[in-house]
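First the structure, in the form of structure tokens, and then the observations on it.
Quick note: the coordinates plus some simple rules give every number you see, no bench work behind them. All figures in this text were calculated on a predicted structure; none of them were measured in a lab. Cβ sites come from the backbone with ideal geometry, for glycine too, and all protein chains shown count toward neighbours.
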């Protein structure tokens, strides 16, 4: 835009006239003399064109420039994020190909410490670093083993070694080597690991998953802070398409890249109590997960969970997926949907 001969108003110098507008510079004659400005940046705060129509055009030009800057920044951030993922992938040791299991296939439920990282109305968390309040509970009250470990970043935040929550988040975001916990990335990666033995003579030894195979159902469970295990609920399920049993060096894990994965909102999850489905064969009425981090489920128990998710997800955006998931699980595992028994979990047995 050519602003030659236009009258402008400066916050400090008052009215002036543009005597030269060449490229990215303006020369304006004020009563105090000529002043030089960068165009159009000077119109962000200091200058305005007296002619309102032309001033609006200048502001539109500024807005367009800012939009272009934002697009360039977003593209730069996208490339940086991709480069980070590439570096992380390169640093990871090659994953071993899952081997065929000799043991019968089973489904699996994981005991997860409650994580409110990334909490939204649609997600209870498990997608980021816990809040300071949750860190205080997990370490100060619940004394969860990994949260309280000296290697845990959350422990360093708890003790003040990391001075602010913002510093904690930035450290996790910027340093590839800093890791919070499996729970903090569970809903990002759709992966659950068997974990490491944290105490006793086997401390540090990786745990194994010996029965899980492709088309097994993975069930993620947790309970709210200060709540009892009786109210443990299921907050997500997924169909396993990759599993690794584990060995002396690496713990076992299950993961999925398929479309068959469902998260529950907090209100939905409260309707899906884990102990309505599962019971310990050796103590059917005992309602306690204990020290183990996972439990194996039968196909009947897994199908009951998926069947009830269909009911809970009615009239929601995930209703169709829930129905398709249930039908697919029954089909690939040879389950007769019409003969699925009523729930027989420990809660029901003890009532």
**Study point:** Fewest-first sequence of 232, 105, 166, 84 by Cβ atoms within 10 Å of each Cβ
**Key:** 166, 84, 105, 232
Check your understanding: How far is helix 165-174 tilted off the main Cα axis of the chain, in degrees rounded to 10, range 0 to 90?
Key -> 90 degrees
Study note, to complete from the structure: Taking the convex hull of the alpha-carbon atoms of segment 129-179 and averaging its shadow over every direction gives an area in square nanometres of 3.1 nm²
Exercise for review: Fewest Cβ neighbours within 10 Å first, please rank 37, 326, 274 accordingly.
Suggested key: 37, 326, 274
Revision key, fill the gap. Fewest to most Cβ atoms within 10 Å: 115, 280 sort as 280, 115
Check your understanding: Of (1) 26.2; (2) 24.9; (3) 17.3, which is the value of mean projected area of the Cα convex hull in nm² derived from the coordinates here?
Key -> (1)
Check your understanding: For the chain, what is the relative contact order in percent, using Cα pairs closer than 8 Å and at least 6 residues apart in sequence?
Key -> 13 percent
Check your understanding: Cα centroids of segment 1-78 and segment 316-346: how far apart, whole angstrom?
Key -> 64 Å
